[in-house]
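Reading through the structure tokens given below for one structure.
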Amino acid sequence: MDDPDQPPPAGTPRERRGAPTIRDVARIAGISIGTVSKALNGGGRLSKQTREKVLRVARDIGYRPNDLAQSLHRAKSRTVGIISNDSFGRFTFPIVEALEERLAEEGIAVFMCNATDDPARERQHLDQLLGKRIDGLVVTARRADKRPPVAPFPHGIPVVYVFSQADDPDALCLLPDDEGGARLAVRHLAAIGRKRIAHITGPEHFEAVRLRKRGYEAALADSDLPIMNGFYLTGVWSEAWGREAVAALFAGSHKPDGIFCGNDQIARGASDTLREMGFSVPDDVAIVGFDNWDVMVLGARPPLSSIDMNLKMLGREAGDSLLEMIAGGKLSGVRRRPCSLVQRASSQG
């Protein structure tokens, strides 16, 4: 029987043709198979030079360790699961893209599952992910409203909610700062001289709508501007609603010179309707949207200013947080991250 603490003889051929083995790494590096295993698994008290030599040889000959065997040895699979209900992907895709990039830097792969608002389907996906021995879970969604926590889930497997909230005080939830984003939009409109600023937005049962309304009103107060009667309108997330809302605003005796819209679809509908009514954007009415959805904001005439929720930053932070939790860190609470204003022609001063 071979002694794992001794390197294979220098002339020993590979045991099989094709994929290189750990014996090949040990033979070329001139060290024992046991030492190679420790270097590849990050274990043992090895010098930096030895670890680097092993990794270099493994890379040069194209050796790939058996991931399943390593996961059983370390009780880690180097995989993470993602559960989402955002089948459209408008908000999830940027988050997942940045999350995957961050985890890939640590050699961790991602399994993504779409639950489509079906608890039974979500439970099925969770069971499948557990069968793959995932090291952690990310839960995301098409809206950031509260949801029941994923449960039952094995103790010790960390869960991060991003652009999603669990109704659980011990959960870690990473969200955009909707209220702060609304403040940015309205302060910008005030800074370019707009005095009568309206807000047209989506359904008020969404938490984001309520938070953005709060930011809108706070920014008006900060700028010593009035909250005018009839200047706050709620509807649906669509261009059609943007058109309808603008028609209602301009039917009154007081007409706005600035409009903050709850999303970019509403903003585009509002901008198109103003142009059809003979108003100039931004000369007569300046507009700021929310989401910075390039399909909407760049296709509008003129291009729309918008609040960017920095979803890729959220995704990367979700990756950082999950890595810290996998390593044993304890993280919890709701963390709202700053939005930013992207100014374009629809709100030039």
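The values are calculated or read from the model by the stated rules, or taken from the named source; none is laboratory data. Everything numeric here is computed off the predicted structure, so don't read it as measured data. Cβ sites come from the backbone with ideal geometry, for glycine too, and all protein chains shown count toward neighbours.
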- If we ask which residues in region 307-349 are among the small types (Gly, Ala, Ser), on the phi > 0 side of the Ramachandran plot and touching a residue at least 60 places away in the same chain (Cβ under 8 Å), their number turns out to be 1
- Item | region 217-248, residues that are free of Cβ contacts under 8 Å to residues at least 24 places away in the same chain, in a helix (DSSP H, G or I), more than 22 Å from Phe206 (Cα to Cα) and of a type in the set (D, E, K, R) | none
- Message: Restricting to region 84-104, give me the number of residues that are out of contact with any helix residue (DSSP H, G or I) (no Cβ under 6 Å at 6 or more places or on another chain) and either modelled with pLDDT of 90 or more or in a helix (DSSP H, G or I) (or both).
- Response: 7
- Message: Pairs needed: first member in region 191-206, buried (at least 24 other Cβ atoms within 10 Å of the Cβ) and part of a strand (DSSP E or B); second member anywhere, of a type in the set (Asp, Glu) and modelled with pLDDT of 95 or more; C-beta distance under 8 Å; at least 6 residues apart or different chains.
- Response: Ile197/Asp257
- Message: Condition check: surrounded by 24 or more Cβ atoms within 10 Å (Cβ to Cβ) and either in a loop (DSSP other than H, G, I, E, B) or at pLDDT 95 or above (or both). Does Arg268 satisfy that?
- Response: yes
- Item | Pairs, first among the basic types (Lys, Arg) in region 100-124, second surrounded by 13 or more Cβ atoms within 10 Å (Cβ to Cβ), C-beta under 6 Å, six or more apart | Arg102/Arg316; Arg102/Gly319; Arg121/Ala115
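For every residue, the table says whether it meets (1) buried (at least 23 other Cβ atoms within 10 Å of the Cβ); (2) polar (S, T, N, Q).
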{"residue": "Thr273", "(1), (2)": "no, yes"}
{"residue": "Ile287", "(1), (2)": "yes, no"}
{"residue": "Phe290", "(1), (2)": "yes, no"}
{"residue": "Trp293", "(1), (2)": "no, no"}
{"residue": "Met296", "(1), (2)": "no, no"}
{"residue": "Gly328", "(1), (2)": "no, no"}
{"residue": "Arg336", "(1), (2)": "no, no"}
{"residue": "Gln348", "(1), (2)": "no, yes"}
- Task: Tell me which residues, restricted to region 154-175, are closer than 21 Å to Asn310 by Cα and outside any strand (DSSP E or B).
- Result: Phe163, Ser164
- Being buried (at least 18 other Cβ atoms within 10 Å of the Cβ), of a type in the set (Asp, Glu) and not assigned by TED's automatic domain parsing to the domain that holds Phe260 narrows it down to one of Asp168, Asp135, Asp145, so name that one. Asp135
- Message: Given the criteria in a loop (DSSP other than H, G, I, E, B), out of contact with any Phe, Trp or Tyr (no Cβ under 7 Å at 6 or more places or on another chain) and of a type in the set (A, V, I, L, M), does Ala251 qualify?
- Response: yes
- Residue hits (region 254-265; part of a loop (DSSP other than H, G, I, E, B) and surrounded by fewer than 24 Cβ atoms within 10 Å (Cβ to Cβ)) are His254, Lys255, Asp257
- Note on the structure: Of (1) closer than 23 Å to Arg187 by Cβ; (2) more than 27 Å from the chain's Cα centre (by Cα); (3) crowded, with 22+ Cβ neighbours inside 10 Å; (4) among the aromatic types (Phe, Trp, Tyr), Trp241 fails just (1)
- Is it the case that Val162 is among the β-branched types (Val, Ile, Thr), in contact with a strand residue (DSSP E or B) (Cβ under 8 Å, 6 or more places away or on another chain) and in contact (Cβ under 8 Å) with a residue 12 or more places away in the chain? yes
- Note on the structure: Subset of region 1-36, residues in a loop (DSSP other than H, G, I, E, B), hydroxyl-bearing (Ser, Thr, Tyr) and at pLDDT 85 or above, comes to Ser32
